[in-house]
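Report on the following structure.
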Amino acid sequence: MNASVTTRSAPLSARSTAVTAIAWGFIAFAVVTVALLGLALLPGDRLALVLAVEPGSGGLTGGVAWLLERSQALAVLLLAGALLTLWLAIALLQRRPWARRAFLALLATGFVAVLGGAALTPLTFSLLPEAATSAAVDRSAPTAGLTGTLSAIILIATLLAVLFAWAGWKLGSPTVRHEFRPQEG
């Protein structure tokens, strides 16, 4: 009988700093995403004001605003994903036994989505008017930074994919798996 009492009152295994950092990082990311997508779902030009879009500029932010204005379903889907991420990150922070596996599935989905998004980024730019895309390499044109911005987006997507892969590797490590093992008793 003493053994079962000792098992129940045994201290929880040490909480890994990496898991806590991953959870808080994704909580912050989800909150910012929900806020930005909330602006996208508002009627009117609030998002355009946030992005400092100049109508008729043909610039990158105009293209992004154009996509967001015409893709409410995508914004709702991204909002649902951000809310799911927030919920799973909180559960991960609380060390729920199921949260690690669910978060690993979320990371795998995010990894594929980020790589797919990076591959589709040039398609997004193809939606801009012909004059905007041809002016992307003309230093005197307002869209001269378009090519550099495209490169930056692909670089950011690559860094996100690396982050997702690292977080997945960390959450799959034996130490972290042990940390999420349900407590006996």
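The values are calculated or read from the model by the stated rules, or taken from the named source; none is laboratory data. As the structure is a computational prediction, the values presented were derived from the model and not from experiment. Note that each Cβ is placed from the backbone with ideal geometry, even for glycine, and that neighbours are counted across all protein chains shown.
Quick notes
- Residue 96 fulfils the conditions (1) at pLDDT 90 or above; (2) part of a helix (DSSP H, G or I); (3) surrounded by fewer than 18 Cβ atoms within 10 Å (Cβ to Cβ) except for a single criterion, (2).
- Entry remark, segment 158-185: residues being buried (at least 18 other Cβ atoms within 10 Å of the Cβ) and either farther than 20 Å from residue 105 by Cβ or touching a Leu at 6+ places or on another chain (Cβ under 8 Å) (or both) number 5 in total.
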